[in-house]
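Since the structure comes first, as structure tokens, the remarks are kept for the end.
Every number in this text was worked out from the coordinates using simple rules, so none of it is lab data. Only a predicted model underlies this, so the values are computations on that prediction, with no experimental measurement involved. So basically every Cβ, Gly included, is an ideal-geometry build from the backbone, and we count neighbours across all protein chains shown.
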Amino acid sequence: EDLNTHIAKHVFVIDPIDGTSNFASGLDYFCSSIAYFKDGKLTAGVIYRPILDDMYFAEFGKGSYLLRNGKEIKLQTLNLESKNQLIISNLWKSFHEKTIDIVDKLLPNYRGARILGAIAIDIVLVAENIAGLTIGDTGPWIWDLSAAKLILEEADGGLYDWKGNSIELDISNGMKQYPVLACHPNKLSSVMKYTQRY
């Protein structure tokens, strides 16, 4: 049976607090994330960081933007030299050895690596060219990824699985988890040298 026939015309996917542990611990790296699907298609997304009053937003086909200090900034993922950018990874129930291995191999080409604890922000930092790569093996769910995916892709970045395929979110399966690579498309092959082994 095709589950898509049971999906409503309008679906909002909301993560009230991405980075819950950070929020609960008093660390200011967290956000709220809202994505809108129309007829099953990811159409709009917004991510808000209340402490900084930063709002990232995108609509399909209309680009990505950051509203900061009252100014609207168009986001554009650039193929910058990795040595000037960070790798951001994530830690779920455990930090898997395969992720450690991959980050270890890539790290000499980057400025450094961080685990910050809010995947939606981690991904949009690629659109902001602060991170050159966000990587995680398993963990993120659709509510973690939806808005960030659209914001990144509308800024000409890419959200991929570990096989190099663009991630297709399944709104009929809310508990599906996704391995993620967020980067400029031109960086994908250099990362895939290590992820495709797993």
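Report which label in (i) 9, 33, 32, 19, 6, 1; (ii) 9, 33, 37, 19, 2; (iii) 9, 37, 37, 15, 1 holds the value of P(r) over Cα pairs in 10 Å bins from 0, in percent derived from the coordinates of this structure.
From the options (i) 9, 33, 32, 19, 6, 1; (ii) 9, 33, 37, 19, 2; (iii) 9, 37, 37, 15, 1, the structure gives (iii).
Of the candidates Leu86, Leu106, Leu27, which one comes out as most mobile in a Gaussian network treatment of the chain with C-alpha springs shorter than 10 Å?
Result for the chain, Cα springs under 10 Å: Leu27 fluctuates most.
Pick from Gly26, Gly136, Gly112: which residue has the top mean-square fluctuation in a GNM of the chain where Cα pairs under 10 Å get a spring?
Gly26
Based on DSSP H runs of at least 4 residues, each adding -39500 (n - 2.57), what is the mean residue ellipticity at 222 nm of the chain after dividing by all its residues, to the nearest 500 deg cm²/dmol?
Dividing the helical sum by the residues of the chain leaves -6500 deg cm²/dmol.
Tell me, rounded to the nearest percent, the portion of alpha carbon pairs in region 67-155 spaced more than 16 Å apart.
When all Cα pairs of region 67-155 are counted, 56 percent exceed 16 Å.
What is the distance in Å between the Cα centres of region 139-162 and region 22-43?
What the calculation gives is 11 Å, centre to centre.
So for region 1-118, if I pair up every lysine 8 or more residues apart or on another chain, how many of those pairs have alpha-carbons under 14 Å apart?
4
Considering amide H positions built from the backbone, and no H for Pro or chain starts, which residues 5 or more places from Asp54, or on another chain, come under 5 Å of its amide H?
Amide H neighbours of Asp54, under 5 Å, 5+ apart: Arg49.
Let me know the charge dipole size of the chain about its Cα centre in debye, to the nearest 20, where only the beta-carbon of Lys, Arg (+1) and Asp, Glu (-1) is charged.
Roughly 440 debye, rounded to the nearest 20.
Between Lys83, Lys187, Lys74, find the one with the highest GNM mean-square fluctuation for the chain; connect C-alpha pairs within less than 10 Å.
Lys83
Count the net charge of all other residues whose Cβ sits under 12 Å from the Cβ of Lys176, scoring Lys and Arg as +1 and Asp and Glu as -1.
Net charge in that neighbourhood comes out at -4.
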